[in-house]
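**Q** Shown below is the structure under consideration.
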Amino acid sequence: MNERIELLLRKINDLQDELHLEMAQLATRFRYTVEKRRVIFEQDVAAYHRRLRQNVWQFILNAHLPILLVSPFIYSMIIPLVLLDLSLTVYQIVCFPVYGIKKVPRGAFIVIDRHYLHYLNIFERFNCVFCGYANGLIAYAREIGARTENYWCPIKHARRIREAHLLYAEFEEYGDAEGYRARLKRLYGEKTP
């Protein structure tokens, strides 16, 4: 890999680590801890949050009519999302051991914890669970796709792509036929996939 690209990737990783540390410090400010994937607020904070919760009827009455009307379309997306989730699970179970690819831990991507926020009413909690599942699932799918692409076609594109996955930077350069063949030889020996 190009030395300049390696340097930039290290800087990006350092900045991501710094960002995660900064975000973790917010837990202290908002007075919560995470214990065994469960979020626990200090009692006085939880009580304050409950006082800020909007009444369900107020929430419905204050909602804009177009938002209420399109809600069924949004929630109907649960069907293809669950099918995608099941398909990804089966795909990993069947294919990844054959390819020798490390499985993607689903729980690292699908994080559902906003329902611990006491200031959310039942509808807001449901929406947050739905969004956490949907966006986490898409991120999970992307990582499975990235690992698959890394196995089958680790070549960068000629055209710039927006927000490439994390493995992309390690792919062979577009047009580097020798680099690609050498990579395959390193990975598989004389037998290629």
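The values are calculated or read from the model by the stated rules, or taken from the named source; none is laboratory data. On a predicted model such as this, the values are computed, not experimentally measured, just so you know. Glycine gets a Cβ as well: all are built from the backbone with ideal geometry, and neighbour counts include every protein chain shown.
**Q** For residues that are touching a Phe, Trp or Tyr at 6+ places or on another chain (Cβ under 9 Å), outside any loop (DSSP other than H, G, I, E, B), modelled with pLDDT under 95 and surrounded by 15 or more Cβ atoms within 10 Å (Cβ to Cβ), tally how many sit in the stretch 100-124.
**A** So the count comes out to 3.
**Q** Please go through (1) of a type outside the set (D, E, K, R); (2) surrounded by fewer than 16 Cβ atoms within 10 Å (Cβ to Cβ); (3) closer than 20 Å to residue 81 by Cβ for residue 140 and return the number of the only condition it doesn't satisfy.
**A** Only one criterion in (1) of a type outside the set (D, E, K, R); (2) surrounded by fewer than 16 Cβ atoms within 10 Å (Cβ to Cβ); (3) closer than 20 Å to residue 81 by Cβ is unmet by residue 140, namely (2).
**Q** I've got another one for you. In the list 84, 7, which residue meets the criterion of being over 30 Å from residue 182 (Cα atoms) and in a helix (DSSP H, G or I)?
**A** 84
**Q** Follow-up. Restrict the check to the stretch 123-136 and report whether at least one residue is more than 30 Å from residue 61 (Cα to Cα) and charged (D, E, K, R).
**A** no
**Q** Which of the residues spanning the stretch 50-94 are free of Cβ contacts under 8 Å to residues at least 12 places away in the same chain, farther than 23 Å from residue 134 by Cα and surrounded by 13 or more Cβ atoms within 10 Å (Cβ to Cβ)?
**A** The answer is none; no residue qualifies.
**Q** In the stretch 20-51, which residue that is assigned to a loop (DSSP other than H, G, I, E, B) and in contact with an Asp or Glu (Cβ under 8 Å, 6 or more places away or on another chain) is farthest from residue 111 (Cα to Cα)?
**A** 31
**Q** For the stretch 100-127, enumerate the residues that are of a type in the set (A, V, I, L, M), within 19 Å of the chain's Cα centre (by Cα) and over 30 Å from residue 187 (Cα atoms).
**A** Correct list: 110, 111, 112.
**Q** Would you call residue 45 surrounded by 10 or more Cβ atoms within 10 Å (Cβ to Cβ), under 20 Å from residue 118 (Cα atoms) and touching a residue at least 40 places away in the same chain (Cβ under 8 Å)?
**A** Spelling it out, it is not the case that residue 45 is surrounded by 10 or more Cβ atoms within 10 Å (Cβ to Cβ), under 20 Å from residue 118 (Cα atoms) and touching a residue at least 40 places away in the same chain (Cβ under 8 Å).
**Q** Going by what's in this entry, would residue 183 be described as over 25 Å from the mean Cα position of the chain (by Cα), assigned to a helix (DSSP H, G or I), surrounded by 14 or more Cβ atoms within 10 Å (Cβ to Cβ) and not small (Gly, Ala, Ser)?
**A** Here the answer is yes, as residue 183 does meet what is asked.
**Q** Further question on the same structure: Could you check, for the stretch 128-148, whether at least one of its residues is touching a Lys or Arg at 6+ places or on another chain (Cβ under 8 Å) and of a type in the set (Lys, Arg)?
**A** Yes - at least one qualifying residue is present in the stretch 128-148.
**Q** Condition test on residue 97, is it of a type outside the set (A, V, I, L, M, F, W, C), modelled with pLDDT of 95 or more, surrounded by fewer than 14 Cβ atoms within 10 Å (Cβ to Cβ) and within 19 Å of the chain's Cα centre (by Cα)?
**A** Criteria not met by residue 97.
**Q** Right, something else. From the set of residues in the stretch 152-172 that are touching a residue at least 24 places away in the same chain (Cβ under 8 Å) and surrounded by fewer than 16 Cβ atoms within 10 Å (Cβ to Cβ), which is nearest to residue 96 (Cα to Cα)?
**A** Restricting to residues being touching a residue at least 24 places away in the same chain (Cβ under 8 Å) and surrounded by fewer than 16 Cβ atoms within 10 Å (Cβ to Cβ), the top hit is 152.
**Q** Being within 29 Å of residue 90 (Cα to Cα), touching a helix residue (DSSP H, G or I) at 6+ places or on another chain (Cβ under 8 Å) and in a helix (DSSP H, G or I) narrows it down to one residue among 144, 161; which is it?
**A** Going through 144, 161 in turn, the sole match is 144.
**Q** While we're here: Going by what's in this entry, would residue 134 be described as under 22 Å from residue 167 (Cα atoms) and of a type in the set (Gly, Ala, Ser)?
**A** Against the criterion (under 22 Å from residue 167 (Cα atoms) and of a type in the set (Gly, Ala, Ser)), residue 134 does not qualify.
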